[in-house]
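Just so it is clear, none of the values below were taken in a lab; they were calculated from the coordinates. Remember, it's a predicted structure, so these values are computed and weren't measured experimentally. Glycine also receives a Cβ, built like all others from the backbone with ideal geometry; neighbour counts cover every protein chain displayed.
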2 protein chains.
Amino acid sequence: MHKFKGKEYPCCTSLTMGIIGGKWKTVILYHLMEGTLRYNELRKEIPSVTERTLSLQLKNLETDGVIKRKVYTSKPPLKVEYSLTEFGKTLIPLIKSIADWGDYAVKNH
Amino acid sequence: MHKFKGKEYPCCTSLTMGIIGGKWKTVILYHLMEGTLRYNELRKEIPSVTERTLSLQLKNLETDGVIKRKVYTSKPPLKVEYSLTEFGKTLIPLIKSIADWGDYAVKNH
DNA sequence: CCGTATCCTTTTCGATACTG
DNA sequence: CAGTATCGAAAAGGATACGG
């Protein structure tokens with residue numbers, strides 16, 4: 001049994017999937033791998049996600065310490081940037097492997 | 001846009017997650033990495049999954065061509081073995097990476 | 001031994017309208 | 001610009017009983 005942020009997982013793979021699993025989280029991380037993006041830039045990169053869902057998933061990723069959110073309040077319009085934390089950056093090789101296998105699967109079926 | 005087995009995915013990571021995503025599929029694959037297992041052996045390895053869910057997820061994995069199911073009908077009691085297909089074996093490095101990152105995350109928080 | 005059937009709860013995701 | 005509120009649908013998963 002493995003613990004992370006108060007949640008328990010029966011397997012080390014479950015723990016990883018608890019953090020990056022679901023329909024959108026790997027997609028978000030995939031786009032943040034290259035660098036910082038604003039909320040609307042993420043929406044543009046992932047047009048099929050709704051505002052609500054994007055917002056929720058960003059919050060989940062932030063709660064797990066994988067991404068960080070920086071707000072620039074100096075003057076409207078509001079500017080919010082999302083980027084990987086140092087901890088989140090340790091996921092980059094994994095996200096790349098996930099993306100690569102996806103490409104491979106498309107080509108080989 | 002990427003296609004696999006009739007389903008469409010907006011990103012190559014989504015495709016991978018469509019196949020190995022969810023609460024249980026990586027756990028099942030993790031245990032099948034080492035070799036063939038019978039249904040009840042899988043239940044023993046993953047005590048927290050219910051029969052119904054295990055059954056459904058095995059079917060999903062089989063449909064996507066990742067695992068194969070072999071039935072020995074010669075004489076009761078029934079014997080059913082699950083193992084990775086050749087295609088499924090291409091997932092092994094990825095499953096290992098997922099497991100390794102889970103271990104890493106536990107240790108570093 | 002290896003599941004399926006039934007019913008139910010929880011989680012996730014989507015559509016749309018609206019706000020500081 | 002960057003979200004939240006509300007409502008609802010769908011998918012995933014769980015509990016338990018039963019069947020070939």
> Across the residues of B:18-27, average count of Cβ atoms on other protein chains within 10 Å?
Replying inline: 5
> What is chain B by shape, rounded, prolate or oblate, if you read a ≥ b ≥ c off the alpha carbon gyration tensor as root eigenvalues and call it rounded for a/c under 1.5, prolate for a/b larger than b/c, and oblate otherwise?
Replying inline: oblate
>> Need one value for B:83-92: mean number of C-beta atoms belonging to other chains within 10 Å of its residues' C-beta atoms.
In response: 1
>> Using only the Cα atoms of the protein assembly as shown, what are the Rg and Dmax in Å?
In response: 19.0, 77
> What number, rounded to the nearest 500 deg cm²/dmol, is the helix-based mean residue ellipticity at 222 nm of the protein assembly as shown, given -39500 (n - 2.57) per DSSP H run of at least four residues and division by all its residues?
Replying inline: -15000 deg cm²/dmol
> Can you count the Lys pairs in chain A with C-alpha separation below 16 Å, eight or more apart or on different chains?
Replying inline: 13
